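Everything below concerns the one structure shown next.
The values are calculated or read from the model by the stated rules, or taken from the named source; none is laboratory data. These figures come from a predicted structure and were not determined experimentally. Using ideal geometry, Cβ is built from the backbone for each residue, glycine included, and neighbour counts are taken over all protein chains shown. Calculation scope for accessible area: heavy atoms of the full protein, side chains included, ligands and nucleic acids excluded. Shrake-Rupley method; radii C 1.70, N 1.55, O 1.52, S 1.80 Å.
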Amino acid sequence: MEIRCQSCGNQNSGFLLPLWSKTTFKLDHGGEIKILHLSPLESLEDKLTDNKIKKEITCKECGNCDVEIVLNEFEKSSSISSERQAFEGL
Amino acid sequence: MNKLICNSCFNFEFFETNIEYLREIKVKDGSLVINDTHFEDWNYTDTHFRDSLEDIVSYVVKSEMDALSWNSEKECHENSYIKCAKCGSSQVSIPSYMIKKKKHQSLEAELKENHQEYNNLRRKRNGNTLPVLWEPK
Ligand SMILES: [Zn+2]
Ligand SMILES: [Zn+2]
């Protein structure tokens with residue numbers, strides 16, 4: 001697998017991706033927000049397989065959205081397991 | 001002072017909303033690695049998440065009706081951003097909205113509903129010798 005910014009040449013590190021999550025919070029009497037729980041609503045796996053990731057990934061170095069992702073079948077399965085572990089660690 | 005209330009179960013403490021959680025990804029030995037994103041020592045994933053949540057809550061509190069949309073099936077206003085974490089209802093609003101709640105009725109429906117009350121008023125004002133008002137059949 002490879003990720004490359006078409007604009008600045010940044011490669012394989014420093015890419016940002018937002019993932020929707022559901023958060024449960026408490027409003028206390030002083031109006032302060034306490035975050036109680038966080039659970040993912042979408043997974044990187046889905047984004048990778050339906051190509052949605054290309055529209056949402058940005059380069060951290062230059063802020064550009066023109067990012068190329070090269071993925072092959074074998075790597076796809078190995079990347080999914082590491083993503084699972086990383087995201088479920090929330 | 002409570003900022004928000006669920007109009008279904010009257011919970012004013014526990015709520016839910018959807019927030020974008022920012023991840024930084026890199027490829028290491030052909031595999032994808034996901035982490036929080038940092039700028040120098042500062043965890044931007046954390047700050048971005050907390051700021052987004054605070055923004056949503058303060059928008060909903062300040063905008064009052066703008067954060068609500070009318071659900072014609074259930075005949076109630078629903079919050080487009082925040083749900084009740086106790087009963088799952090979307091009928092979450094600022095507390096003063098409870099008072100304004102019935103205002104969505106149509107004028108015709110409200111007149112019809114209050115017809116008897118108006119007749120009582122006419123009776124009090126004019127006694128029992130009321131002319132019968134013409135009404136369409
Ligand atoms: Zn770049
Ligand atoms: Zn509720």
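Per residue, how much accessible surface does chain B expose to a 1.4 Å probe? Answer in Å², no decimals. Please list the in-between numbers first.
On the way: 9420 Å² over 137 residues.
Value returned for chain B: 69 Å² of accessible area per residue.
First compute the accessible area of the protein assembly as shown with a 1.4 Å probe, then give the percent of it belonging to carbon and sulfur atoms. Let's see the in-between values first.
Working: 6970 of 14320 Å².
Carbon plus sulfur share of accessible area: 49 percent.
For the options B:52, B:106, B:31, a Gaussian network treatment of chain B with springs between C-alpha atoms closer than 10 Å singles out B:31 as fluctuating the most. Here the Karplus relation 6.51 cos²θ - 1.76 cosθ + 1.60, evaluated at θ = phi - 60°, turns the backbone of region A:49-64 into coupling constants of 6, 9, 6, 5, 4, 4, 7, 10, 7, 10, 7, 5, 6, 10, x, 6 Hz, with x for every Gly and Pro. Only Lys, Arg, Asp and Glu carry charge here, each on its Cβ (+1 for the first two, -1 for the last two); on that basis the protein assembly as shown has a dipole of about 1640 debye about its Cα centre. A simple rule links phi to the HN-Hα coupling: the Karplus curve 6.51 cos²θ - 1.76 cosθ + 1.60 with θ = phi - 60°, which for region B:32-46 gives 8, 10, 10, 9, 5, 9, 10, 10, 6, 8, 9, 7, 6, 4, 4 Hz, with x for Gly and Pro. For region B:5-100, the dipole from Cβ point charges (+1 on Lys and Arg, -1 on Asp and Glu) about the Cα centre works out to 320 debye, to the nearest 20. Compared with the dominant Cα axis of chain B, that is its longest principal axis, helix B:115-126 is turned about 40°.
Both chains summed, the buried accessible area for A and B stands near 3400 Å², from protein heavy atoms and a 1.4 Å probe. Evaluated with a Cβ-only charge set (Lys, Arg +1; Asp, Glu -1), region A:1-53 carries a dipole of roughly 100 debye about its Cα centre, given to the nearest 20.
With the charge dipole of the protein assembly as shown set up from +1 on Lys and Arg Cβ and -1 on Asp and Glu Cβ about the Cα centre, the Cα lying farthest toward the positive end among the listed residues A:35, B:14, A:58 is that of B:14.
Model label sites at residue B:59 and residue B:87, defined 7 Å from Cα along the beta-carbon direction, differ in position by 2.6 nm.
Extents of the protein assembly as shown, taken as max minus min of Cα coordinates on every principal axis and listed largest first, are 95, 44, 29 Å. Estimated from the Cβ-Cβ distance and a Förster radius of 25 angstrom, the FRET efficiency linking residue A:65 and residue B:39 is about 0.85.
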